[in-house]
2 protein chains.
Amino acid sequence: MTTVGRLRFRIAMSLDGFVAGPNQSVDHPLGLGGMQLHEWVFGLAAWRAMHGLEGGDVDASTPIVLESVANIGATIMGRNMFGGHPGAWNPANPWNGWWGENPPFHHPVFVLTHHPRPPLALEGGTTFTFATDGIETALARAHDAAGGKDVALAGGAKAAQQYLAAGLVDEMVISLVPVLLGSGERLFDNVGYDLHGLTLVRTVPAPNVTHLQFARR
Amino acid sequence: MTTVGRLRFRIAMSLDGFVAGPNQSVDHPLGLGGMQLHEWVFGLAAWRAMHGLEGGDVDASTPIVLESVANIGATIMGRNMFGGHPGAWNPANPWNGWWGENPPFHHPVFVLTHHPRPPLALEGGTTFTFATDGIETALARAHDAAGGKDVALAGGAKAAQQYLAAGLVDEMVISLVPVLLGSGERLFDNVGYDLHGLTLVRTVPAPNVTHLQFARR
């Protein structure tokens, strides 16, 4: 019998529901003001260690951050999160996204896109596979690749919306940041009128953020 | 020296930012699905006692509900919250709102409207005064009437948006309910790109709701 993991995601959201600000660009991948959503994480020792940095703080956010990356065997992301809008793949001028030569995943990553392209194997065990057969097929492939571990849904908003609306998310952690962005990309647009089986199971107040953990009933 | 109270409001909001569902009407004053925002409160002994009912529960929401009604000397509300869209006042057919003959306020209430009308004195100490000179004048009158106690902003969304955008709110409690409404009236539309001086000071997890308390820096 094969063990199948869960599909999980954690995302930072403003009090007015945005996960990115307006006018996203290569210079401002999170949009105007979007960096405010992540300021609580940068000082954490747990986050710094993941990025090769020493020192930092330990607070109530620490276990949330550590849990979100524990027991993950594969990741799914939207094409914007892979690296902008590359359009059709051009072998003469390949665009390898903005994760650099040694991306921080170290496991198989499935990129949701309409543009077929051969897999891209980078250093450190990260291979980007371009999944053009829809979100359910991408999820099945990610579960296979994860070998029984969980699958992380890395974002962005549109990918999260699609999996939420399809009722395929098993765990969701909203890191609610007490700021307004006013406009930008909303997490819950196009998701419908309920949480598709997810229910609040834990609330964790922490400095400058409140984590709301949802799980499937 | 005159003591001036604070302008405070507490409001229930869905995870996707709505304080009322779509298609509000006399039959569904909170809009479709909007009742979900208030289910956590109906079982509380504190809420039941305010409405003349016995019994009920005590949980982490209890002090939040009690604090929201303590030390209030006057209330401000939008005209929809007074009672729909009465239009210009017609002495031959007065519409006295939907609060009944003995409204639960028991202090002066100022209704933001463009339609002048004489004050409406009802039983139990509640007088509705129709404030047609804008939100700042209404607030000054409410502070005078409150005699040094605080002023409650009862809603709805548009009234809250106007006072938030003007930076006039001193305390705000968002009772965040872990459901989606999908559409309806958003609390933070038209408020802009920041909280106008409000900062998160307390997070209170409670059954089926998380209270986020903001205060002026």
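The values are calculated or read from the model by the stated rules, or taken from the named source; none is laboratory data. As the structure is a prediction and not an experimental result, all values here were calculated from the model. Every residue, glycine among them, receives a Cβ derived from its backbone with ideal geometry; neighbour counts consider all protein chains shown.
Numbers at a glance
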quantity: Positions within the stretch B:38-97 being under 17 Å from the mean Cα position of the chain (by Cα), outside any helix (DSSP H, G or I) and not small (Gly, Ala, Ser), in sequence order; calculated: B:HIS51, B:ASN71, B:ILE72, B:THR75, B:ILE76, B:MET77
quantity: Selection within the stretch B:107-134 - buried (at least 18 other Cβ atoms within 10 Å of the Cβ) and either small (Gly, Ala, Ser) or over 14 Å from B:PHE82 (Cβ atoms) (or both); calculated: B:HIS107, B:ALA131
quantity: Per-region count, the stretch A:131-182, residues of a type in the set (Ser, Thr, Tyr) and closer than 16 Å to A:GLY5 by Cβ; calculated: 1
quantity: Which numbered condition A:ARG186 fails, given (1) within 30 Å of B:ARG217 (Cβ to Cβ); (2) modelled with pLDDT under 95; (3) among the charged types (D, E, K, R); calculated: (2)
quantity: Long-range neighbours under 6 Å by Cβ, at least six apart or interchain, first residue among the polar types (S, T, N, Q) within the stretch A:96-123, second surrounded by 14 or more Cβ atoms within 10 Å (Cβ to Cβ) and not in a loop (DSSP other than H, G, I, E, B); calculated: A:THR113/A:ARG79; A:THR113/A:PHE130
quantity: Selection from the stretch B:180-190 of residues that are facing chain A (nearest Cβ under 7 Å) and buried (at least 20 other Cβ atoms within 10 Å of the Cβ); calculated: B:LEU180, B:LEU181, B:PHE188
quantity: Residue selected from the stretch A:136-179 under the condition within 14 Å of another protein chain (Cβ to nearest Cβ) and assigned to a helix (DSSP H, G or I), by the criterion farthest from the chain's Cα centre (by Cα); calculated: A:ALA165
quantity: Some residue of the stretch A:156-170 being within 19 Å of A:PRO63 (Cα to Cα) and touching a His at 6+ places or on another chain (Cβ under 9 Å); calculated: no
quantity: Residue in the stretch B:23-42 that is without any contact (Cβ under 8 Å) to a residue 12 or more places away in the chain, of a type in the set (A, V, I, L, M) and over 30 Å from A:SER183 (Cα atoms) present; calculated: no
quantity: Any hit, the stretch B:68-86, residues being farther than 20 Å from B:ALA138 by Cα, touching a strand residue (DSSP E or B) at 6+ places or on another chain (Cβ under 8 Å) and within 14 Å of chain A (Cβ to nearest Cβ); calculated: no
quantity: Candidates A:GLY125, A:GLY100, A:GLY84 - the one that is closer than 30 Å to B:TYR193 by Cβ, modelled with pLDDT under 95 and either of a type outside the set (D, E, K, R) or touching a helix residue (DSSP H, G or I) at 6+ places or on another chain (Cβ under 6 Å) (or both); calculated: A:GLY84
quantity: Extreme residue, surrounded by the most Cβ atoms within 10 Å (Cβ to Cβ), among residues of the stretch B:1-21 that are away from every other protein chain (no Cβ under 12 Å) and polar (S, T, N, Q); calculated: B:THR3
quantity: Selection count where residues are of a type in the set (Lys, Arg) and either assigned to a strand (DSSP E or B) or facing chain B (nearest Cβ under 8 Å) (or both), scope the stretch A:191-217; calculated: 2
quantity: B:LEU53, sole failed condition from (1) surrounded by fewer than 13 Cβ atoms within 10 Å (Cβ to Cβ); (2) within 14 Å of chain A (Cβ to nearest Cβ); calculated: (2)
quantity: Residue among A:GLN36, A:GLN24 that is surrounded by 15 or more Cβ atoms within 10 Å (Cβ to Cβ) and farther than 21 Å from A:PRO104 by Cβ; calculated: A:GLN36
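Matching residues to (1) closer than 14 Å to B:VAL209 by Cβ; (2) at pLDDT below 95:
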position: B:THR3; (1), (2): no, yes
position: B:LEU7; (1), (2): no, no
position: B:ASP16; (1), (2): no, no
position: B:SER25; (1), (2): no, yes
position: B:PRO29; (1), (2): no, yes
position: B:GLY33; (1), (2): no, yes
position: B:VAL41; (1), (2): yes, no
position: B:ALA49; (1), (2): no, yes
position: B:ASP57; (1), (2): yes, no
